[in-house]
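The values are calculated or read from the model by the stated rules, or taken from the named source; none is laboratory data. These numbers come from a predicted model, not from an experiment. Using ideal geometry, Cβ is built from the backbone for each residue, glycine included, and neighbour counts are taken over all protein chains shown.
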Amino acid sequence: MKVLGLTVLFLLIAVNEARVFEKCELARLLKSHGLDGYRGYALANWVCLAYYESSYNSRAVGPRNSDGSRDYGIFQINSRWWCSNGQGTTSNGCNKSCSSFTNDDISDDIECAKRVVRDPNKMDAWYGWKNNCKGKNLSKWTSGCGV
Ligand SMILES: *[C@@H]1O[C@H](CO)[C@@H](O)[C@H](O)[C@H]1NC(C)=O
Ligand SMILES: *[C@@H]1O[C@H](CO)[C@@H](O)[C@H](O)[C@H]1NC(C)=O
Ligand SMILES: [Ca+2]
């Protein structure tokens, strides 16, 4: 059963590679990086945003957008405006390679998200937030987390 053994091993590696945060773990991490109340957005907004953008997966890469750009990581940061993926035009507003936003260290993702929300569109930049979180009762996104 060597083949089966190898298959199981690869499955374990695959599962291990997708860094999917748990709600409260992410809430605490975002809070420790100063997102609670950042630009007026309570912590629950950030947790809700991350859920609808990436399902809390720090390695998420979105499908190609109509302009050819892609979205990267837990906040689905866009390559047309905020990071460079080496393809097409980018303003690279966060001065980062998009691959910085698909690893398990989300510190730089958080810094870039702060930059995004400082723009006039603020959180409306994220359709996941605008369509699912904006104006909603968001208490469930931090409930039970002790934050
Ligand atoms: C962009 O980042 C690089 C390092 O990755 C740095 O050397 C450079 O000064 C940065 N540019 C700006 C405008 O911040
Ligand atoms: C939001 O929902 C929670 C739980 O359902 C409830 O306890 C709370 O009163 C609600 N807050 C508002 C402002 O409606
Ligand atoms: Ca990162």
Can you tell which of G135, G144 is under 18 Å from C24 (Cα atoms) and either away from ligand 2 (no atom under 16 Å from the Cβ) or loosely packed, with under 15 Cβ neighbours inside 10 Å (or both)? G144
Take Y56 and tell me if it is touching a helix residue (DSSP H, G or I) at 6+ places or on another chain (Cβ under 8 Å), of a type outside the set (D, E, K, R) and away from ligand 3 (no atom under 15 Å from the Cβ). no
For region 89-141: of the residues being within 14 Å of the chain's Cα centre (by Cα) and assigned to a loop (DSSP other than H, G, I, E, B), which is farthest from ligand 3 (Cβ to nearest atom)? W126
A113 vs (1) touching a residue at least 40 places away in the same chain (Cβ under 8 Å); (2) more than 16 Å from ligand 2 (Cβ to nearest atom); (3) out of contact with any strand residue (DSSP E or B) (no Cβ under 9 Å at 6 or more places or on another chain): all pass except (3)
Look through region 73-87, keep the residues that are in a loop (DSSP other than H, G, I, E, B) and either modelled with pLDDT under 95 or of a type in the set (S, T, N, Q) (or both), and return whichever of them is farthest from D124 (Cα to Cα). Q87
Apart from one, (1) within 19 Å of E22 (Cα to Cα); (2) not in a helix (DSSP H, G or I) all hold for A44; the odd one out is (2)
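For the structure I just gave you, tell me whether D36 is outside any helix (DSSP H, G or I), within 16 Å of the chain's Cα centre (by Cα) and closer than 25 Å to C24 by Cβ.
On the way: outside any helix (DSSP H, G or I): yes; within 16 Å of the chain's Cα centre (by Cα): yes; closer than 25 Å to C24 by Cβ: yes.
For D36, the condition - outside any helix (DSSP H, G or I), within 16 Å of the chain's Cα centre (by Cα) and closer than 25 Å to C24 by Cβ - is met.
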Anything in region 81-118 that is in contact with an Asp or Glu (Cβ under 7 Å, 6 or more places away or on another chain) and either under 22 Å from F21 (Cα atoms) or surrounded by fewer than 19 Cβ atoms within 10 Å (Cβ to Cβ) (or both)? List them, or say none. S100, F101
Looking for something under 15 Å from V20 (Cα atoms), touching a Leu at 6+ places or on another chain (Cβ under 8 Å) and not aromatic (F, W, Y) - is there at least one such residue anywhere in region 50-59? yes
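Do you know which residues across region 56-75 are surrounded by fewer than 24 Cβ atoms within 10 Å (Cβ to Cβ) and either hydrophobic (A, V, I, L, M, F, W, C) or within 8 Å of the chain's Cα centre (by Cα) (or both)?
Passing the criteria: Y56, N57, S58, A60, V61.
Considering only region 92-104, I want to know if a residue exists there that is among the acidic types (D, E), away from ligand 2 (no atom under 16 Å from the Cβ) and without any contact (Cβ under 8 Å) to a residue 40 or more places away in the chain.
Step one: list which residues in region 92-104 are among the acidic types (D, E), which gives 104.
Within this subset, residues satisfying the condition of being away from ligand 2 (no atom under 16 Å from the Cβ) are 104.
Of the ones still in play, those that are also without any contact (Cβ under 8 Å) to a residue 40 or more places away in the chain are none.
Among the residues of region 92-104, not one is among the acidic types (D, E), away from ligand 2 (no atom under 16 Å from the Cβ) and without any contact (Cβ under 8 Å) to a residue 40 or more places away in the chain, which makes the answer no.
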